[in-house]
1. Just one of (1) among the charged types (D, E, K, R); (2) on the phi < 0 side of the Ramachandran plot; (3) assigned to a loop (DSSP other than H, G, I, E, B) trips up Lys52, so point out which.
2. Please find, among Ala65, Ala60, the residue that is open to solvent by 40 Å² or more (accessible area, probe 1.4 Å), aliphatic (A, V, I, L, M) and outside any strand (DSSP E or B).
3. Could you tell me which numbered condition Asp41 fails, if it satisfies all but one of (1) in contact (Cβ under 8 Å) with a residue 24 or more places away in the chain; (2) touching a Cys at 6+ places or on another chain (Cβ under 7 Å)?
4. What's the number of the only condition in (1) surrounded by 10 or more Cβ atoms within 10 Å (Cβ to Cβ); (2) out of contact with any strand residue (DSSP E or B) (no Cβ under 6 Å at 6 or more places or on another chain) that Asp41 fails to meet?
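The values are calculated or read from the model by the stated rules, or taken from the named source; none is laboratory data. The model shown is predicted, which means the values in this text are computed figures rather than measured ones. Every residue, glycine among them, receives a Cβ derived from its backbone with ideal geometry; neighbour counts consider all protein chains shown. Only protein heavy atoms, including side chains, enter the accessible area calculation; ligands, DNA and RNA are left aside. Shrake-Rupley method; radii C 1.70, N 1.55, O 1.52, S 1.80 Å.
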Amino acid sequence: MNFTLLSDEEGTVCDAYGSWVEKSMYGRKYMGIDRSTFLIDETGTLKSEWRKVKVAGHVAEVLAAVQAL
């Protein structure tokens with residue numbers, strides 16, 4: 001299966017998808033990327049999104065969504 005990976009050096013896509021967010025660690029607030037996965041079909045349509053992703057089980061869930069396309 002072929003697919004395109006995206007690199008977003010200027011943060012344009014992060015802004016568009018709302019992934020550049022305020023975070024907090026040990027009481028310190030800072031800006032960072034919210035770990036998210038977006039499934040976009042061959043026409044450029046957003047089919048699914050997962051926010052605040054945790055590794056456990058995530059790959060299987062995304063793979064099932066891709067296979068269902």
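1. The single condition Lys52 does not satisfy is (2).
2. The match here is Ala60.
3. (2)
4. Every listed condition holds for Asp41 apart from (2).
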